[in-house]
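Reading through the structure tokens given below for one structure.
The values are calculated or read from the model by the stated rules, or taken from the named source; none is laboratory data. Remember, predicted model here, so these are calculated numbers, not experimental data. Note: ideal-geometry Cβ built from the backbone for every residue, glycine included; neighbour counts use all protein chains shown. Accessible surface is based on the protein model in full, side chains and every heavy atom, while ligands, DNA and RNA are left aside. Shrake-Rupley method; radii C 1.70, N 1.55, O 1.52, S 1.80 Å.
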Amino acid sequence: MKKLSIIIPMYNEEESLPHLYKRLDKLGESIPNYELEFLFVNDGSKDSSLDIVKAYRKSDNRVCYLNLSRNYGKEVAMGAAFDYVTGDAVAIIDADLQDPPELIIDMLKYYEEGYDDVFAKRRSRDGETWLKKWTSKKFYKILQSVSKVPIQTDTGDFRLLSRRAIEALRAFPEKQRYTKGMFSLIGFKKKDIEFDRDPRVAGETKWNYFKLIDLAIEGITSFTTAPLRLSTIIGTITAFCAFVYMIYTVVKTIVTGVDVPGYSSLICVMLFIGGIQLIFLGIIGEYLGRIFTEVKRRPLYFIDEYSGTDNSKSPITNEITKNCDTKIERDFE
Ligand code: UDP
Ligand code: MG
């Protein structure tokens, strides 16, 4: 019997959890030919989310949990889950029921046909502001135009991955993670399923515009060095124009003599070139910052507690293997 794992990253989701658990339980009835594992990743919740999950585990051994030592953000929470998840097929789902669990049944059909990454594509996004929709659309468009790998638009992290896709994701060592980009980078056979994204069942979104801008910059800088290339191109063009203008000024001075007025043109050129330089310094700084965090080689996360099916993978050994620089042999099936 094959095993299906469902990863649920959660951060202060006590209100959503009972609804979610009910739906997951129902889902289990529709797929009796799979052994199930619900891996809840508690990302430093300050409410009773973890206690609720612990209570579920007492009566239901399909429920497993991973308690991170603090709030790391959803990207890291998923990264931790990839290390602990045991299923042959692995689904990732939000705790707030914005992703309907029932869709996993359809995803499994494609998985059985041999697809490695069956992702849910949003047809509509109820409960999200037009600004969020618009910015997200533009962001994907920009990202696609600068990247060589195809990027899936209108998708989140809601998807079903095969074991070898999970192993491929685990091979990404970066500390600043942009998981959506990684899904594209690993390749393999992909299939999209359209669905309507529901509003959250309870609670509030943990995202704000600062976090989204952060993730957008993260996405671009982790995925592509195109901004650096763009800086070089724009910088070269600006320098060329400045050079032409300089020659023009020199020649004009020689021919027509010293020309004292010219304050506005001078200040314009100075401000323009100064501005461009600052922007490009910022772009270089973004990449430098990434290099800085990566070279520190800090562990990605710490586990406070793990309770699940696979007891051989204790948090201790996992952290040790994560910290030392040995390449772990991973069998790709
Ligand atoms: N989440 C998390 N850590 C965080 C923020 C969010 O694990 O620091 C989880 C959250 O509990 C939810 C999922 O990530 O299951 C998506 O979060 P949210 O619904 O707030 O994002 P949105 O759906 O608005 O993009
Ligand atoms: Mg949500």
*What is the spin-label model distance, in nm, from Ile247 to Ile233 if the labels are put 7 Å beyond Cα along the C-beta direction?*
2.4 nm
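Nearest 20 debye, what's the magnitude of the dipole of the chain about its Cα centre given +1 on Lys and Arg Cβ and -1 on Asp and Glu Cβ?
The calculation lands at about 960 debye.
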*Selection from Tyr306, Ile233, Phe188, by position along the positive dipole direction of the chain (Cβ)*: Ile233
*asked:* Once neighbouring chains are kept in place and the probe is 1.4 Å, which whole percent of the accessible area of the chain is contributed by carbon and sulfur?
replied: 61 percent
*Built amide H within the under 5 Å cut-off of Ser147, gap 5+*: none
*Accessible surface, the chain, averaged per residue in Å² (probe 1.4 Å)*: 55 Å²
*When the Kirkwood radius is taken over all Cα pairs of the range 204-254, what Stokes-Einstein diffusion coefficient follows at 37 °C and 0.692 mPa s, in µm²/s?*
231 µm²/s
*asked:* Give me a comma-separated list of calculated 3J(HN,Hα) values for the range 129-142, in order, Karplus coefficients 6.51, -1.76, 1.60 applied at θ = phi - 60°, integers in Hz, x for any Gly or Pro.
replied: 6, 4, 5, 5, 4, 5, 5, 5, 5, 5, 4, 4, 5, 5
*Debye log10 I(q)/I(0) at q = 0.14, 0.18, 0.21 Å⁻¹ for the range 1-114, Cα point scatterers*: -0.52, -0.87, -1.18
*State whether the range 60-199 is rounded, prolate or oblate according to the following rule on the C-alpha gyration tensor (a ≥ b ≥ c being the square roots of its eigenvalues): a/c under 1.5 gives rounded; otherwise a/b larger than b/c gives prolate, and the remaining case gives oblate.*
rounded
*In whole angstrom, how long is each semi-axis of the equivalent ellipsoid of the range 71-124, when you take the square root of 5 times every eigenvalue of its Cα gyration tensor and sort them from largest down?*
21, 16, 9
*Which value, in debye to the nearest 20, gives the size of the charge dipole of the range 165-321 about its Cα centre, when Lys and Arg are +1 and Asp and Glu are -1 at the Cβ?*
320 debye
*Work out the length of the dipole vector of the range 110-247 about its Cα centre, built from +1 on the beta-carbon of each Lys and Arg and -1 on the beta-carbon of each Asp and Glu, and round it to the nearest 20 debye.*
180 debye
*Once phi is turned into θ = phi - 60°, what whole-Hz ³J(HN,Hα) does the Karplus curve with 6.51, -1.76 and 1.60 give for every residue of the range 98-107, x standing for Gly and Pro?*
6, 9, x, x, 4, 5, 4, 4, 5, 4
*Hey, could you pull the Cα Rg and Dmax for the chain, both in Å?*
25.0, 93
_Which listed pairs, of Lys2/Lys22; Lys148/Lys190; Lys22/Lys132, have C-alpha distances above 19 Å, in listed order_ = Lys2/Lys22; Lys22/Lys132
*Compute the relative contact order of the chain as a whole-number percentage, counting only Cα pairs closer than 8 Å that sit 6 or more residues apart in sequence.*
22 percent
*What per residue convex hull volume, in Å³, do the alpha-carbon atoms of the range 160-221 yield?*
138 Å³
_Calculated from backbone phi, Karplus (6.51, -1.76, 1.60) coupling profile of the range 230-237 in Hz, x at Gly/Pro_ = 4, 4, 4, 5, 5, x, 5, 4
